[in-house]
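The values are calculated or read from the model by the stated rules, or taken from the named source; none is laboratory data. Keep in mind it's a predicted model, so treat the numbers as computed, not measured. Cβ placement follows ideal geometry from the backbone for every residue including glycine, while neighbour counts extend to all protein chains displayed. Calculation scope for accessible area: heavy atoms of the full protein, side chains included, ligands and nucleic acids excluded. Shrake-Rupley method; radii C 1.70, N 1.55, O 1.52, S 1.80 Å.
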Amino acid sequence: MLNTDLRARLLQFYPTLAELPAAELDQLLANAKVMPIPAGTVVFDENQPCQGFPMLIAGSIRVIKSAPSGRELQLYRVSPGESCILTSSCLLGHTRYHARGVAEEALEMVLLPAPAFHALLAKHESFREYVFHLFSDRLTDLMQLVSAVAFQKLDQRLAALLVAKPSPLHTTHQALADELGSAREIVSRLLKGFAEQGWVKLAREQIEVVDTPALRRFAEL
């Protein structure tokens with residue numbers, strides 16, 4: 001059962017739930033499972049069955065696809081108020097996961113059991129519209145990722161990634177490589193080239209963008 005604070009935060013991030021009749025909402029939240037999850041935990045993995053519909057109150061999940069070689073490609077992130085399209089797909093299609101979800105930061109998550117998810121989807125148009133609206137948004141993001149991987153060179157994708165993030169960026173070259181689906185050595189070499197061009201300054205686990213227009217122009221070539 002959710003306490004008053006968790007309930008208020010959940011409804012803040014997922015206001016579509018507040019449109020449910022009070023008694024139905026109480027019953028729904030009474031059956032929901034509150035899950036605090038430490039950073040670095042594998043929330044779900046490939047070939048695992050889906051246990052329910054996760055709703056994040058705090059933290060974020062990285063959804064990644066791994067190759068047999070061990071290389072990884074980040075598909076998307078899930079933040080509070082958002083939905084995991086892979087989970088929704090698994091619930092709707094009664095299939096297993098085809099990627100891995102890892103807690104990027106410590107999570108506070110409320111898990112709706114699968115039967116409750118299906119009941120909401122069948123009975124309430126607002127919840128149904130919410131789920132499919134997020135489907136649409138996430139598919140657009142994935143199409144942009146596919147386009148970037150297929151048609152952009154890695155150095156352009158790295159430039160675009162740096163422009164999109166706050167500066168200075170506190171991260172490792174390995175983390176950037178994981179996000180781009182590349183190897184750390186390649187990303188380190190590209191960053192060194194950017195630094196030689198005067199576009200970035202590199203320090204230990206920190207990258208400062210000093211010429212955003214140049215990086216943006218390069219990314220859009």
Exactly one of these conditions fails for Met35: (1) at pLDDT below 90; (2) out of contact with any strand residue (DSSP E or B) (no Cβ under 6 Å at 6 or more places or on another chain). Give me its number.
(2)
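Can you tell me which residues in segment 1-35 are in a strand (DSSP E or B) and either loosely packed, with under 13 Cβ neighbours inside 10 Å or over 20 Å from the mean Cα position of the chain (by Cα) (or both)?
Lys33
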Please give the helices (runs of 4 or more DSSP H) falling wholly within segment 99-218 in which 1 or more residues are of a type in the set (S, T, N, Q) and more than 25 Å from Val43 (Cα to Cα).
125-151, 154-164, 184-196
Selected residue (criterion: farthest from Val110 (Cα to Cα)) from residues of segment 42-81 that are among the acidic types (Asp, Glu) and at pLDDT 90 or above
Glu46
Under 7 Å between Cβ atoms, at least 6 apart or on separate chains: pull out the pairs that start in segment 108-123 with a residue that is within 12 Å of Leu92 (Cβ to Cβ) and touching a residue at least 24 places away in the same chain (Cβ under 8 Å) and end on any residue that is part of a strand (DSSP E or B) and of a type outside the set (Ser, Thr, Tyr).
Ala114/Gly52; Phe117/Gly52; Phe117/Phe53
Among Leu134, Leu111, which is among the aliphatic types (A, V, I, L, M) and out of contact with any Gly (no Cβ under 7 Å at 6 or more places or on another chain)?
Leu134
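Return the residue satisfying two criteria in turn: it lies in segment 205-221 and is charged (D, E, K, R) and modelled with pLDDT of 90 or more, and of such residues it is most open to solvent (accessible area, probe 1.4 Å).
Initial filter on segment 205-221 (charged (D, E, K, R)): 205, 208, 211, 216-217, 220.
When the remaining residues are screened for being modelled with pLDDT of 90 or more, the result is 205, 208, 211, 216-217.
Numbers: Glu205: 108, Glu208: 71, Asp211: 52, Arg216: 103, Arg217: 148 Å².
Out of the qualifying residues, it is Arg217.
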